[in-house]
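Chemist: The following block contains the structure, expressed as structure tokens.
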Amino acid sequence: MSLAKKEYKRITTKSLVEMKTNGEKISMLTAYDYTMAKIVDGAGIDVILVGDSASNVMAGHETTLPITLNEMIYHASSVVRAVERSLVVVDLPFGSYQSDPKEALRSAIRIMKESGAHSIKVEGGKKIKESIKRILNAGIPVMGHLGLTPQSIYKFGTYTVRAKEEEEAEQLLKDAVLLEKLGCFALVLEKVPAALAEKVAKAISIPVIGIGAGGGVDGQVLVTHDMLGMTQEFHPRFLRRYLDLHSEMTSAFKNYISDVKSQLFPNDKEQY
Ligand code: KIV
């Protein structure tokens, strides 16, 4: 049974705003490669995020900081080749847009031109206003990201909930209003109190997609490898695991090893 209020052949930035207006929640998941993107898109997800979380999930880095623009383009182009319906959003990686607006635009153009993605995402509000303006002026749709912004982890010091204090909450609300005013098409809010996230979602007309931001926002995003239970060491409260793929895969690998060792694989029918 479809819970969609309207069937979309292809999701665009406009479809997401329409979903918010119609009260339909937006579903978003990450993908970094062709095979995963094909499954996620085929399942009917609205937005696929080629997140810089690829730095952790794909490359095993401790933070999102080391991933490069070339690596993001590689992941994004693999995803784009698989996608038929979803909107593909790609993170601009750390260091590719913070230093000056011209460099930000060059990085965004490279992502759009070389991967074929539909939009980009950047972390931050007022401080990167000029970069966002430049990118938008070039006709590239921008998704914002506020709250816990992992590219600033060394400034924050920990991955704990952001904007619990009034001053930070007020700044976050101002940044969200600014991002809408600049022309961003949507906003990710990561790990902030649910009441604040709901207030932000009500204050702006662009969709707010939450991760650890409660149910009062316009959509939800999770890292696919986490929700499938492939990653094990990460247990935040907001993460619902829909499968325990780590166990399933381990047992499949063990069965294969055992079959090879005992010469049960291949059998007569599995050869030429
Ligand atoms: O990189 C990423 O996966 C993200 C999500 C956590 C929103 O930015």
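Only the coordinates and a few stated rules stand behind these numbers; no lab work does. Remember, it's a predicted structure, so these values are computed and weren't measured experimentally. Methodologically, a virtual Cβ is constructed for each residue, glycine included, from the backbone with ideal geometry; neighbour enumeration extends over all protein chains shown.
Chemist: If you take the Cα Rg of segment 13-241 and divide it by 2.2 N^0.38 Å, with N the number of residues, what do you get? Let's see the in-between values first.
Modeler: Values: Rg = 16.0 Å, N = 229, 2.2 N^0.38 = 17.3 Å.
Against the compact-globule rule of thumb, the ratio is 0.92.
Chemist: Per residue and in Å³, how big is the convex hull formed by the alpha-carbon atoms of segment 28-72? Could the numbers behind the result be given before it?
Modeler: Details: hull volume 3.0 nm³, N = 45.
Dividing the Cα hull volume of segment 28-72 by its residue count gives 68 Å³.
Chemist: If a paramagnetic tag sat 7 Å from the Cα of TYR34 along the Cα-Cβ line, which residues of segment 44-68 would have the backbone N under 18 Å from that point?
Modeler: Residues passing the 18 Å test: 50.
Chemist: Suppose the chain between LYS126 and ALA194 were pulled fully straight at 0.36 nm per residue; how much longer would it get relative to their current alpha carbon spacing? Can you show the working numbers first?
Modeler: On the way: separation 68, 0.36 × 68 = 24.48 nm, distance 2.25 nm.
Working it through step by step, the gained length comes to 22.2 nm.
Chemist: Label THR12 and GLU168 with points 7 Å out from Cα along Cα→Cβ: what is the distance between them in nm?
Modeler: 3.9 nm
Chemist: Scan around GLY210 for amide H atoms under 5 Å from its own, H built in the peptide plane at 1.01 Å from N, and keep only partners 5 or more places away or cross-chain.
Modeler: Amide H to amide H, under 5 Å and 5 or more residues apart or across chains, GLY210 pairs with LEU189, ASP218, GLY219, GLN220, VAL221.
Chemist: Using θ = phi - 60° and the Karplus form 6.51 cos²θ - 1.76 cosθ + 1.60, what ³J(HN,Hα) does each residue of segment 107-114 get, whole Hz, x for Gly and Pro?
Modeler: 5, 5, 4, 4, 4, 5, 6, 8
Chemist: Using θ = phi - 60° and the Karplus relation 6.51 cos²θ - 1.76 cosθ + 1.60, list the HN-Hα couplings for segment 163-177 in order, rounded to whole Hz, with x at every Gly or Pro.
Modeler: 6, 7, 8, 4, 4, 5, 5, 5, 5, 4, 4, 4, 4, 5, 4
Chemist: What percent of all Cα-Cα pairs in segment 1-138 falls in each 10 Å bin, counting up from 0?
Modeler: Values per bin, smallest distances first: 12, 40, 35, 13, 1.
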